[in-house]
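Every read-out reported here was derived from the displayed coordinates using simple, explicitly stated rules and does not represent laboratory data. This structure is a prediction, so every number in the text was calculated from the model and none was measured. Counting neighbours? That spans all protein chains shown, and the Cβs are built from the backbone with ideal geometry, glycine included.
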Amino acid sequence: MGTPDFAVPSLQILLTSHHKISAVVTTPDKPKGRGLKLAHSAVKEFALQNNLRVLQPDKLKDENFINEIRDLQPDLIIIVAFRILPKEIFTIPKFGSFNLHASLLPKYRGAAPINWAIINGEKETGVTTFFLKERVDTGNIIMQTPCDIAEDDNAGTLHDKLSHIGAGTVMSTVNLIEMTNGNVPITEQDNTLASPAPKIFKDDCRIDWNKPAEQVHNFIRGLSPYPAAYTFHNGKQIKIFKSSNDVSVNSQIISPGLVLCGKTHLFVSCSDNNIEILELQLEGKKRVSAKDFINGKLISDRETLK
């Protein structure tokens, strides 16, 4: 069971194994683009290309859907980036249901663990497989695989790393469950070590230039490329996709939001230092380098971002 690109490598590795995939469950098709044509999820696209049966329930508690799952008599349900399953579903399989989560639980429970790990300046994260319980992301841990967060990682690059690490961990978890006939060693989560990773909304993405430069830099890369951190200039939104806090130029000038730019470099002052902006996009324009942004006269020295 899964929906976005993150889940595809896990489905792919299972397809190449000796295990049988009875069905793939994903979200219903949704209108997309200017023409609002119905579009498949990434998981459905892959499933159709490989002649797998696809189920797309509107409601997970629908009796017809529950009966469909029961009729499949699955040994195991595997969930990767899907909706919250009701107990009526996740208790059906012989060996239970497990989820792949993009953090080292109990850290970063919630919908956006990759984003929050980078925003909070973590140097390491990873993936966890765990058996489902009714409370989200609280089940007993089966396996964990750590992953370093590189200084140049953003949410997009870390997403891709973890999707492939996760696929290997999913495969290892399935093999372990098969080998032990479901009697796998598990570790109960320590709730006192839990931290939240709530869903990120548009209002959460506005940059606060009054924060230290390192925090602003991590905020930008933790939201890049999507949904993207933003600020305002003359009433227009500017999305910022890439920055650097390895800055010594003009460090004596500190006035949060103040723009300092030359012919090719663009800096913005934070509470303790300046940050260099490398890639950005003015509302209604294309994403460009800071050099092109300056050359396009889209901003001037000593203006202020808010």
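If one takes the longest principal axis of the Cα atoms in the chain, at what angle in degrees, from 0 to 90 and to the nearest 10, does the Cα axis of helix 213-222 lie? Compared with the principal axis, the helix lies near 40 degrees. Calculated FRET efficiency, PHE201 to ASN67, Cβ-Cβ distance, R0 = 45 Å: about 0.80 to the nearest 0.05. For segment 5-193, the relative contact order comes to 19 percent (Cα pairs under 8 Å, sequence separation of at least 6). Kirkwood radius for segment 5-193, taken over all pairs of different Cα atoms as the inverse mean of 1/r, rounds to 17.4 Å.
Based on every Cα atom in segment 153-250, Rg and the maximum pairwise Cα distance Dmax equal 19.6, 64 Å. Remark: segment 107-121, residue by residue, has Karplus-estimated 3J(HN,Hα) of 6, 6, 6, x, 7, 10, x, 5, 4, 5, 4, 6, 4, 7, x Hz, where x stands for each Gly or Pro and the curve is 6.51 cos²θ - 1.76 cosθ + 1.60 at θ = phi - 60°. Normalising the average separation of contacting C-alpha pairs (under 8 angstrom, six or more residues apart) by the number of residues puts the relative contact order of segment 42-116 at 23 percent. Dipole orientation for the chain: of the candidates SER244, PRO106, LEU305, LEU305 has the Cα lying most toward the positive pole (charges on Cβ; Lys, Arg +1; Asp, Glu -1). GLU214: net charge of surrounding residues, Cβ under 14 Å, Lys/Arg +1, Asp/Glu -1, itself excluded? Residues near GLU214 contribute -3 overall. With K and R counted +1 and D and E -1, the other residues having a Cβ less than 9 Å from that of GLU283 yield a net charge of +3. Of GLY139, GLY33, GLY168, the residue with the greatest mean-square motion in the GNM of the chain, using alpha carbon springs below 10 Å, is GLY33.
Overall, segment 1-156 carries a charge dipole of about 460 debye about its Cα centre when +1 sits on the Cβ of Lys and Arg and -1 on the Cβ of Asp and Glu, all other atoms neutral.
The Rg/Rh ratio of segment 222-306, with both radii computed over alpha carbons and Rh defined as the Kirkwood radius, is 0.93. Its Cα gyration tensor gives segment 209-271 an equivalent ellipsoid; the semi-axes, largest first and in whole Å, are 18, 14, 12. Other residues whose C-beta falls under 12 angstrom from the C-beta of LEU223 contribute a net charge of +4, scoring Lys and Arg +1 and Asp and Glu -1.
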